[in-house]
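Below: the structure, in structure tokens.
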Amino acid sequence: MDIASPDRACHELLVALAGRLPDELLWRLRDWLASGGRVALAAVVPRELLRHRVALTDEERSSMAASLGAWGAAPRLLDAVLPAYVLPAPPAFGPDPDDTDVTALTALAVVRGDPGCTELRLARRADGRRVVLVQGAERPWALTGVLQRVLRAHGERSPNVEVLPADVEPPAYHRAVIAATLPVWTREPIGVAS
Amino acid sequence: MDASGAPSVTELLLAVAGRVDDDLLAWARELITVGEDGRAIELVTATLVAEQVALPPEVRAAIVQASRAVRSEIDAARALAPARPEVGCRHRFDPAPAGIAAGRITAALHPVLARQAAGCSLWLTWRLTPAGGAPGPLPHPVVLVELPGAEPALSADVLAYQVMTALERAGTPASVEVLGADDELHGYHREALRTARPVEQAGNTPKPQPTRQPVAAPVAAPVAPPAAAEPPRSGRRRAAGDTGGSRPRRQGPRPTPAGQGGDDVPRRRARPTPAGPAKAPAADAPAEPAAVHPPDAEQARPAASPRPAPAPVERPSPPCPLSGPLIQPLMAPLLDPTIDDDDPLGLSRIGVPPHRTSEPWDREWVTGSWSEQVVDLFDGRSPAPQPEPKPEPEPEPRPKPELAPAPPAAEPEIDAAGLGLRPESVSKLSATDRALLARLQAELGPRTRRMRAGVPGGESQNGRTEGHETPPEAG
């Protein structure tokens, strides 16, 4: 995996933790990353992984070391994170019937403004939570923060925003979203269109 | 504040109200309630660090001290934004913003006011300004709970958690700020209290009738100064770095709701003292509102107020849409729910037991005894079912006075000549056949005689002669 920067590595780690950490915590961690709260992430993420007994794959552990480790996380806590051999099955998803409401249109307006975005999908998780999935972004962690705040302003207390970097294989959670939905909006990637 | 002089976690959360998002504050209070103070402080500190919130010096110092106390991984002294003295309150509140109805919130708070928050004063206002880096929708409701005394029945953390949970379950989440009797008021809470309205008056709750005692007269009635009725409070130590004296305390004069008068009157004394369950509306109050408080807690509360206890609010019942003639059904219901499946004819009502006996119906159906059962509608007895049909005994002839008695059995006389039969042929017939033949002849004889007399040719109506009808028997 190409780890260009600690921010990107941390973003990929937080994307991979979708569905494995509580929503009310995960959106906050992503918001801290968008705000530049690296110290906060380095202190809280390892403890929360241990508290919820979330196990990480080798690739995820590399992302954690490249980001949280670089930001001063305690090596003792990083070493204590459990290794994962089999990831939990993703939840069920379905199309979002409210994909044309004000929140969806606002999210679409934000996504269209990012030149790196190529696709927007809206899904509903089995528990009824709305999931916004975006493919491609120049700074995916920053776009995640913006979309989360948009959704919170519209009443989503724990927004589920998943921004997948362009060159990263989607995790199982996001593959399930992609398999269950159709894109609300698409655009040819930059450099592909003539 | 604990024995070491450091502010408690509850006081820390009061100090950061309005500086972080409301969901984080609610989450932290829930964590404190369940005893996870360390996690609560770490989350709040991390959020303040991530969002680089500039805190007043005393609040920043308290956060740093608390973070060290819980052994957080964050070096708050270095990571927090530099302190900045607070000048005024940057938040704005509105007790009744346009387009916002507080009915659901007040309805959810009335049971709380009667039980968990009995003796407390509940206030409601709406914040018009965002709080935190990722605020929720605005206006945001803020519920202010003022504890009645220095030793409330429930601690501020527990009460805040319970009120929050009640509002969450009612589908109306709101921020809940519980203010203790000795808590200092920050600018956030001062501004919120300045605009807040009592829960009884907030929203669309109808005002009581003029003949009744007003439910809440928060600031209008001048009363004696608080020092005359309240026990002297022990001096409280302030948090490290607290400027001391820059923030008014609860005992002093407090700002009053705009437009309600009562300037320079201590708000604590001016507000109505809730007299237990009598303050809550009777319609919303549970049956046993005071049962959750131990007797000593009840006694520890302020004694009966010199003011009369506010009467419960009697909400006018909404007009019934089915009042008047429409309340009567226009037609009888098609299905009578009172019909008994075992007695569809209502035989039991006239003294007849239901047809169903102890034997199941399926056995009757299989054996065919259902077709043999006879129910006497008048004496209520039914013959016992018999698994196999047996020859019935001869029933005793019942006297029938209106009918002539049956003639004794005798050999029927047959006019063989009239029928065109020979006597030996008649003698060969059985007794039953002879009886039938005699009966037939008795019925047809007069008519046959009339036909013979009126029709000389002896031709019948169908064109046949008698000779053809009764051919002579051979042999």
*Sorted by packing (mean other beta-carbon atoms within 10 Å per residue), highest first, where do B:92-105, A:45-58 land?*
A:45-58, B:92-105
*Which value, in debye to the nearest 20, gives the size of the charge dipole of region A:6-80 about its Cα centre, when Lys and Arg are +1 and Asp and Glu are -1 at the Cβ?*
220 debye
*Grab the beta carbon distance between A:ALA109 and B:ALA69, set R0 = 41 Å, and tell me the FRET efficiency rounded to 0.05.*
0.35
*Taking the dipole about the Cα centre of region A:1-143, with the C-beta of Lys and Arg at +1 and of Asp and Glu at -1, give me whichever of A:VAL54, A:ALA18, A:SER67 is farthest to the positive side.*
A:VAL54
*asked:* If a paramagnetic tag sat 7 Å from the Cα of A:SER158 along the Cα-Cβ line, which residues of region A:8-25 would have the backbone N under 15 Å from that point?
replied: A:17-25
*Just how large is the dipole of region B:9-79 about the Cα centre, in debye to the nearest 20, putting +1 at every Lys and Arg Cβ and -1 at every Asp and Glu Cβ?*
260 debye
*If we count every other residue with Cβ under 11 angstrom of B:THR165's Cβ, Lys/Arg +1 and Asp/Glu -1, where does the sum land?*
0
*Radius 13 Å from Cβ of A:ARG130, net charge of other residues (Lys, Arg +1; Asp, Glu -1)*: -2
*What ranking do A:11-24, B:25-38, B:110-123 get when scored by the average of other Cβ atoms within 10 Å per residue, highest first?*
B:110-123, A:11-24, B:25-38
*What's the average, rounded to a whole number, of partner chain beta-carbon atoms within 10 Å of each residue's beta-carbon in A:85-92?*
0
*Tell me, in nm to one decimal, what length is gained between A:ALA172 and A:SER5 on full extension, where the rule is 0.36 nm per residue of separation less the Cα-Cα distance?*
57.8 nm
*Put +1 on the Cβ of each Lys and Arg and -1 on the Cβ of each Asp and Glu in region B:9-79; which of B:VAL16, B:VAL44, B:VAL70 then has its Cα farthest toward the positive end of the dipole?*
B:VAL70
*Residue mean of other protein chain beta carbons inside 10 Å, B:186-196*: 0
*With each pseudo-label sitting 7 Å past Cα toward Cβ, what's the B:ARG92-A:ARG53 distance in nm, one decimal?*
5.1 nm
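None of the figures in this text is laboratory data; all of them are computed from the coordinates on show. As the structure is a prediction and not an experimental result, all values here were calculated from the model. Cβ atoms come from the backbone with ideal geometry, glycine included; neighbour counts cover every protein chain shown.
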